[in-house]
Structure formats: structure tokens, C-alpha cells
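Notes for the one structure printed next.
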Amino acid sequence: MQTLRLGTRGSPLALAQARLVADALIKAHDRLEIEIVTLKTGGDRIQDRPLAEIGGKALWTKELDRALLAGETHLSVHSMKDVESFRPEGLGIAAMLPRADVRDKLIGAASIDALGEGAVVGTSSPRRAAQLLALRPDLDIRTFRGNVATRLARLDKGEADATLLAAAGLDRLGMSEIGTPIEIDVMLPAAAQGAVGIDARDGDEEVRRLLAAIDHRPTHRCVLAERAFVAALGGDCHSPVAAHATLDGERLVLRAQILSEDGAATVEGEAEMPLDDVAPAAALARELLDEAPESIGKLFA
């Protein structure tokens, strides 16, 4: 019996996603056992400041990366929207599960229009903050960090009138009934939202062979295009960026948007590309930056 050690964060959502990966691997391979190894990351420890101020997305992945590179684990499971654009040398995303609902959900009001004048909305996402302000400049956006349960508890305590969470995360936690979905024509999602990725060491051919059996290629291709767009921007967790790719036959269609922090300026566009060539995604990033006013351009300088 072969045993793989799977590294994950310890939040309820991260553990739910780790179990999805473990179940998929066990179903795909006979005589395979998965040991889930829980690791605490910097992003889990620091909850009182925006992620952009304390080191960015690497805070979610650094400890998992260290354990994987050290051979303490065989693979790591990530929410792909939390994975920085460039992985450390020696690591790479080997597989992705089928993508879940990419939409955001609004909790606390029936719709964005239904929010009261000057309503307080809690979010730690620059994208969500900018998109909300583009739609409703009167809203009061406040930093809201923590796992799903923490944010919902803060909302219940009256720290905000509403908050936004990813529909995929709520679904995976068995909380699908919470919140109202916001259609992507209203708020385009973050790059890779709803996707779960599995990281492995370069050269670990046995683990990569096992992971290949559960890789959902349509999701993988779409997410690679979205990540290529963000990488070409130089975007990071400071930057209000949205990107969503879909399959159209043998081609990908990528919609993307970059915004100023206050939502007053928005530039968006679309690109089509072959399934295995993300160069047009990078070209779209350059086109949008060329069109962007200074209020957006300075965020990517």
C-alpha cells in the first residue's frame, strides 16, 4: 500500500478541499492511502491586517512550499486564486480538480442595489472593493479578514452590513444556502476563483503520474490563461484584477478587467486563444495597461 502525505492549511475550507483531492486520488488508484498533513501558514496567523500589507499571497503558500521541497510532504493542495503567479523553483501545479462555481456571493443583502446608502461592506479583496465602489461609490468598504466562519461571525456581530464570499467555498463547506450569487456580468471573478490546484515537486514523476489521473484539463487550461494574464500585468494581491476564461470548442475566451482602487476607473477587454497557447492572455494584459489611466497604471508599475 502506497501512502502519500498531502500538505494543507488547517482552515475548514482548506481541509474540505484536501479531502476532495484525497478522495479523487483514492478513487483513481488502487492501493493508495492519503495522510493529510496540516500546516499553519502566516496568512492563518495574521488576521488583523490586509494581506497586501503583510507579504501577499505567499503567506498562504510559503509553509506548504517549504514542507514539500523538504520532502516532508508529497503534494500540497491550494485554492488556486491564493497561489502567487510564479511558483518557487522546484515546484509546479501538476493537476487541478474540476472547477466549482466561480461567482461571488453577497451576504447581508438581497443584492448590491439593495444595500442602504453608505452601507458598510467588509472585504479583504482589493478586486471586490473596487468592483463594489464602481457600482456603488457611496459604500463604506472595511477590511474583513479571517476564514468563512470568522467573517460570518463578524457580520452577525454587526461589524458590517454585508460581506462577500466565494460561492465555491460556501458550497464546499455545505453552506450553499447562504448568500445571493452575483452574476459574472456584474462582478467578474478573480483569476482562478473556484479552482483547486495540487502542487508537486519537479522531477517527482511517480506523484505527477498519480496526479495526472485526476487532472481536469478544461479547468487547468482556463486557469493557466487567467494566471498568464495576471502574471503579465505584474498583478499581485495589491491590485484590483479580475479574469475569467471559458472554453468555446477548441478555443479559450478570456474576459479580463483592471480597476483603480476606488473603482472610479475601469479597463476591460476580451481575447481568444488556442487551448495550449496563453500568449494572447499576456498580450491582453499589455493592451489593457496601455489603455489604462494613471490611477490604474501606477498599481502595476
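Is it the case that LEU132 is surrounded by 19 or more Cβ atoms within 10 Å (Cβ to Cβ), over 30 Å from LEU20 (Cα atoms), without any contact (Cβ under 8 Å) to a residue 60 or more places away in the chain and of a type outside the set (D, E, K, R)? Spell out the reasoning first.
On the way: surrounded by 19 or more Cβ atoms within 10 Å (Cβ to Cβ): yes; over 30 Å from LEU20 (Cα atoms): yes; without any contact (Cβ under 8 Å) to a residue 60 or more places away in the chain: no; of a type outside the set (D, E, K, R): yes.
Judged against the criteria, LEU132 is not a match.
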In the set ALA243, ALA256, ALA264, which member is under 16 Å from GLN131 (Cβ atoms), modelled with pLDDT of 95 or more and more than 21 Å from the chain's Cα centre (by Cα)?
-> ALA264
Among the residues of region 131-149, count how many are over 12 Å from ILE112 (Cα atoms) and in contact with an Asp or Glu (Cβ under 6 Å, 6 or more places away or on another chain).
-> 0
Could you check how many residues of region 1-11 are part of a strand (DSSP E or B), over 13 Å from THR61 (Cα atoms) and either in contact with a Pro (Cβ under 8 Å, 6 or more places away or on another chain) or not basic (Lys, Arg) (or both)?
-> 4
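Across region 12-40, what is the total count of residues that are part of a loop (DSSP other than H, G, I, E, B) and without any contact (Cβ under 8 Å) to a residue 24 or more places away in the chain? Steps first, please.
Residues of region 12-40 that are part of a loop (DSSP other than H, G, I, E, B), as a first pass: 29-31, 39-40.
Narrowing further to those that are without any contact (Cβ under 8 Å) to a residue 24 or more places away in the chain: 30.
Count: 1.
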Output the qualifying pairs, or none if there are none: Cβ atoms under 7 angstrom, residues six or more apart or on different chains, first residue in region 171-200 and farther than 16 Å from ALA109 by Cα, second residue aromatic (Phe, Trp, Tyr).
-> ALA191/PHE229
Consider MET96 against the criteria (1) under 22 Å from SER239 (Cβ atoms); (2) buried (at least 18 other Cβ atoms within 10 Å of the Cβ); (3) among the aliphatic types (A, V, I, L, M): it satisfies all of them except one. Which criterion is unmet?
-> (1)
Of all strands (runs of 3 or more DSSP E) completely enclosed by region 55-129, which ones contain at least 2 residues that are closer than 23 Å to VAL278 by Cα?
-> 75-79, 91-96
Output for region 146-162, where each listed residue is touching a residue at least 12 places away in the same chain (Cβ under 8 Å), surrounded by fewer than 18 Cβ atoms within 10 Å (Cβ to Cβ) and within 19 Å of ALA14 (Cβ to Cβ) = GLY146, ALA149, THR150
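The values are calculated or read from the model by the stated rules, or taken from the named source; none is laboratory data. Every value quoted in this text rests on a predicted model; they were computed, and no experiment measured them. FYI the Cβ positions are ideal-geometry reconstructions off the backbone, even for glycines, and counts take in every protein chain you see.
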